Amino acid sequence: MKWLDIEDIAEALEEKFPGEDIVNIRFTELKKKVLGLEGFDDDEKRCNEKILEAIQVAWIGERS
């Protein structure tokens, strides 16, 4: 997975962290969680706030 695989990342996050408070998660914490996902292989520096926000929104959508 790469940073722009938003839906795949959201799905993997929900699977690994089903009880996470995703509405109030800090972007620094979200970034750490994504970097720790199995199958994630992208440069940490390619991430920005817009990407993290998109991941958070997709994760919220994944849960509902």
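The values are calculated or read from the model by the stated rules, or taken from the named source; none is laboratory data. The structure displayed is predicted, hence computed values, not measured ones. Using ideal geometry, Cβ is built from the backbone for each residue, glycine included, and neighbour counts are taken over all protein chains shown. The protein model used for the area step is the full one, side chains on, heavy atoms only, and it has no ligands, DNA or RNA in it. Shrake-Rupley method; radii C 1.70, N 1.55, O 1.52, S 1.80 Å.
Six or more apart or on different chains, Cβ under 7 Å: which pairs go from a residue in region 15-37 that's more than 13 Å from CYS47 (Cβ to Cβ) to one that's open to solvent by less than 80 Å² (accessible area, probe 1.4 Å) and of a type in the set (S, T, N, Q)? Could you list them?
ILE22/GLN56; ILE25/GLN56
Any chance you could count how many residues in region 3-38 are open to solvent by 50 Å² or more (accessible area, probe 1.4 Å) and touching an Asp or Glu at 6+ places or on another chain (Cβ under 7 Å)?
Going through region 3-38 one residue at a time, the tally reaches 3.
Hey, can you tell me all the residues within region 18-44 that are within 16 Å of GLN56 (Cα to Cα) and assigned to a helix (DSSP H, G or I)?
PHE27, THR28, GLU29, LEU30, LYS31, LYS32, LYS33, VAL34, LEU35, listed by residue number.
Give me the residue from region 39-54 that is under 10 Å from the mean Cα position of the chain (by Cα) and without any contact (Cβ under 8 Å) to a residue 40 or more places away in the chain and, out of that set, surrounded by the most Cβ atoms within 10 Å (Cβ to Cβ). Give the derivation first.
Going through region 39-54, the residues under 10 Å from the mean Cα position of the chain (by Cα) turn out to be 51-54.
Retained after the next criterion (residues that are without any contact (Cβ under 8 Å) to a residue 40 or more places away in the chain): 52-53.
Numbers: LEU52: 19, GLU53: 12.
The residue in question is LEU52.
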